[in-house]
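Here is the structure we will look at, set down as structure tokens.
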Amino acid sequence: MSESARRGTARTAVVWDALQEALDEHARIVDIGGGTGGFAVRLAELGHTVTVVDPSPDALAALARRAAESDVLDRIVGIQGDVDGLLEVVEEADVVLCHGVLEVVDDPAAALATIYEVLRPGGVLSLLVAQRHAAVVARAMAGHFQQALDLLDRPSPATGGRSGSRFTHDEAAGLLAGAGFVADSVHGVRVFTDLVPGSLLDLEPGATAALVELERAVATRPEYLPLATQVHLLAHR
């Protein structure tokens, strides 16, 4: 397994565990911004039907190739679009994945309201957002002190750095409640993974498995939540 694959395993394990527990058998899943199918293909392999809505035609082409290689092309549909036009391309879903999407939309509250309309009553939303606390720490550790200051009390950086909004857990939970969702669980994602040197995972036998175990152990401990690169919330309509 390559270094990127090992790090990818550590980055997604907590989200994957929580998502699998929330899924009913043969769910109709919509993956907004699902790109090349990192989650969609795995879900299709479990027997679910997955519609990936993504604005990038290149990503959707890669999704089709990946689905074909995994022999799940009949359970995956790729649609070019975004959350703003979701109601035009999807009638109803049992589960919606919204991973890394709120960071780049103009109106996160409106995006969640649209997702609420797509979900059936009782349907599940898997929301993954970049967390601001961890972004402040990361920028400070990299010596970007002004960027860290800019992020302290505002969702988006005012100057420099990577574009995109960041959220605290309370902000994300407030947005969910405002759209009518009921939050079921919260997990800290990538508490340590982004801090671990890639060479360690590459050279130390068993390091990736041990890191995944550690991430799972701290994912639901509130004292570690502010350190998480991402916050994962499961909610239902």
Go through 19-31, 199-211 and give me the packing order, highest mean Cβ count within 10 Å leading.
-> 19-31, 199-211
Two pseudo-spin positions, 7 Å from Cα along C-beta at Glu25 and at Gln80, lie apart in nanometres by 3.9
Mean Cβ count within 10 Å, highest first, over the residues of peptides 76-82, 181-187 = 76-82, 181-187
Enclosed volume per residue, in Å³, of the convex hull spanned by Cα atoms of region 39-88 = 67
Per residue, how much accessible area does the chain show when a 1.4 Å probe rolls over the protein heavy atoms, in square angstrom?
-> 48
Estimated [θ] at 222 nm from DSSP helical runs (n ≥ 4, -39500 (n - 2.57)) normalised by residues in the chain, nearest 500 = -12500 deg cm²/dmol
Computed from the beta carbon distance with a Förster radius of 22 Å, FRET efficiency for Ala62 and Asp17 to the nearest 0.05 stands at 0.30
How many percent of the accessible area of the chain is carbon or sulfur, using a 1.4 Å probe?
-> 53
How are the C-alpha pair distances of region 1-126 spread across 5 Å bins, as whole percents from the shortest bin up?
-> 2, 11, 21, 24, 23, 13, 5, 1, 0
Would you work out the relative contact order for the chain, in percent, from Cα pairs under 8 angstrom that are 6 or more residues apart?
-> 22
In whole percent, what relative contact order does region 176-237 give with Cα contacts below 8 Å and a gap of six or more residues?
-> 59
At what distance in angstrom do the alpha carbon centres of region 185-208 and region 64-89 lie from each other?
-> 30
For peptides 40-53, 123-136, 219-232, sequence by mean Cβ density within 10 Å, most packed first = 123-136, 40-53, 219-232
Treating only Lys and Arg (+1) and Asp and Glu (-1) as charged, each at its beta carbon, one finds that the chain has a dipole about its Cα centre, in Debye to the nearest 20, of 600
Beta bridge orientation in the chain: antiparallel %, DSSP, nearest 5 = 40
Where in the chain are the DSSP H helices whose C-alpha atoms run 27 Å or more along the long axis and whose mean Kyte hydropathy is at least -1.0?
-> 3-22
Express in nm, to one decimal, how much length is gained between Arg120 and Ala210 on full extension, taking 0.36 nm for each residue of separation and deducting their alpha carbon distance.
-> 28.6 nm
Given C-alpha coordinates of region 58-174, what is the ratio Rg to Rh with the Kirkwood estimate of Rh?
-> 1.06
For the chain, with equal point scatterers placed on the C-alpha atoms only and solvent neglected, what are the log10 I(q)/I(0) values from the Debye formula at q = 0.11, 0.13, 0.15 1/Å, to two decimals?
-> -0.58, -0.82, -1.10
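The values are calculated or read from the model by the stated rules, or taken from the named source; none is laboratory data. All values derive from a computational prediction rather than experimental measurement. All Cβ positions, glycine included, derive from the backbone under ideal geometry; neighbour counts span all protein chains shown. In case anyone asks, the SASA skips ligands and DNA or RNA and just uses the protein heavy atoms, side chains included. Shrake-Rupley method; radii C 1.70, N 1.55, O 1.52, S 1.80 Å.
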